[in-house]
Amino acid sequence: MNKDLKAHWEKVYQTKSFEELSWFQEKPETSIQFFEKLNLPKTDSIIDMGSGESRFVDYLLDKGYEHITLVDISEEALSKTKARLGEKGKSVKYIIADAGTFKAIEKYDFWHDRATFHFLTEITEIEHYTQNICRSLNAGAHFLIGTFAEGGPKKCSGLEITQYSADDLSEVFARCLTQKKSNKVNHTTSDGTVQKFTFCLFKYDG
């Protein structure tokens, strides 16, 4: 794990409330809209990569999903989420890991990544992430990703990011995923700034 990167994100979550962060969403509408159309069984295994303090897990638990894993490089972010969920989140698995080096030890039916993958700017990190996806999904599984789009921010939280179009993402994940749907979405931050996002839903070919 990159210690400097971990220290950066620990400081972010220690010094700011979730509502102050540019990626804050009271309700992750776009992710939910994509997810609901899949009508997945409540017993499916779901992972939220780079979950931070996202409210997506709240939605999943409220809908009765039983097998949820949250992964984030920040222990502080996961601790805040665990405290917020309380008894409701007792079945949730929490993993402290860097998305660029994380190795899944089980397989998933739905992999969610909103605003994490675009922080992976090194070829080795991107290659590791795509390989991890390909070996960590069950047959027929889905992968939903949201990244900054062309014309969106070039940095976030002081870090360089990579912008992606739907075609770019299809090329990156072509080794085992087929794109089923994509949307361009505008996200309005807490200070009123509009950020352009690309969301893509993929299906695992394995």
Subset of the stretch 79-109, residues among the hydrophobic types (A, V, I, L, M, F, W, C) and in contact (Cβ under 8 Å) with a residue 60 or more places away in the chain, comes to A97
For E19, all conditions in the list (1) in a helix (DSSP H, G or I); (2) modelled with pLDDT under 95; (3) surrounded by 12 or more Cβ atoms within 10 Å (Cβ to Cβ) hold save one; what is the number of the exception? (3)
Residue among Y129, Y13, Y59 that alone is surrounded by 14 or more Cβ atoms within 10 Å (Cβ to Cβ), among the hydroxyl-bearing types (S, T, Y) and either at positive phi or in contact with an Asp or Glu (Cβ under 8 Å, 6 or more places away or on another chain) (or both): Y13
Could you check L38 against (1) closer than 25 Å to I123 by Cβ; (2) in contact (Cβ under 8 Å) with a residue 60 or more places away in the chain and say which number it fails? (1)
Looking at the stretch 116-154, which of its residues are under 15 Å from the mean Cα position of the chain (by Cα), among the aliphatic types (A, V, I, L, M) and over 16 Å from A104 (Cα atoms)? L120, L144, I145
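A quick yes/no check of all residues on (1) surrounded by fewer than 15 Cβ atoms within 10 Å (Cβ to Cβ); (2) in contact with a Leu (Cβ under 9 Å, 6 or more places away or on another chain); (3) under 27 Å from D109 (Cα atoms); (4) at pLDDT below 95:
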| residue | (1), (2), (3), (4) |
| --- | --- |
| C156 | no, no, no, yes |
| L159 | yes, yes, no, yes |
| S165 | no, no, yes, no |
| D168 | no, no, yes, no |
| T178 | yes, no, yes, no |
| K181 | yes, yes, yes, no |
| T193 | yes, no, no, yes |
| F199 | no, yes, yes, no |
Could you please let me know if V172 is farther than 20 Å from F56 by Cβ, loosely packed, with under 15 Cβ neighbours inside 10 Å and among the hydrophobic types (A, V, I, L, M, F, W, C)? no
Going through the stretch 78-125 one residue at a time, which ones are surrounded by 18 or more Cβ atoms within 10 Å (Cβ to Cβ), in contact with a Gly (Cβ under 7 Å, 6 or more places away or on another chain) and outside any loop (DSSP other than H, G, I, E, B)? D113, R114
Identify, please: which residue in the stretch 33-68 is in contact with a Leu (Cβ under 7 Å, 6 or more places away or on another chain) and assigned to a strand (DSSP E or B) and is, among those, farthest from W111 (Cα to Cα)? I68
Output the residue which, of all residues in the stretch 152-206 that are touching a residue at least 40 places away in the same chain (Cβ under 8 Å), aliphatic (A, V, I, L, M) and not in a loop (DSSP other than H, G, I, E, B), is farthest from L40 (Cα to Cα). L159
Give L159, L201 a once-over and let me know the one that is under 18 Å from the mean Cα position of the chain (by Cα), more than 22 Å from H8 (Cα to Cα) and of a type in the set (A, V, I, L, M). L201
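The values are calculated or read from the model by the stated rules, or taken from the named source; none is laboratory data. For clarity, every value in this text was computed on a predicted model and none was experimentally measured. Using ideal geometry, Cβ is built from the backbone for each residue, glycine included, and neighbour counts are taken over all protein chains shown.
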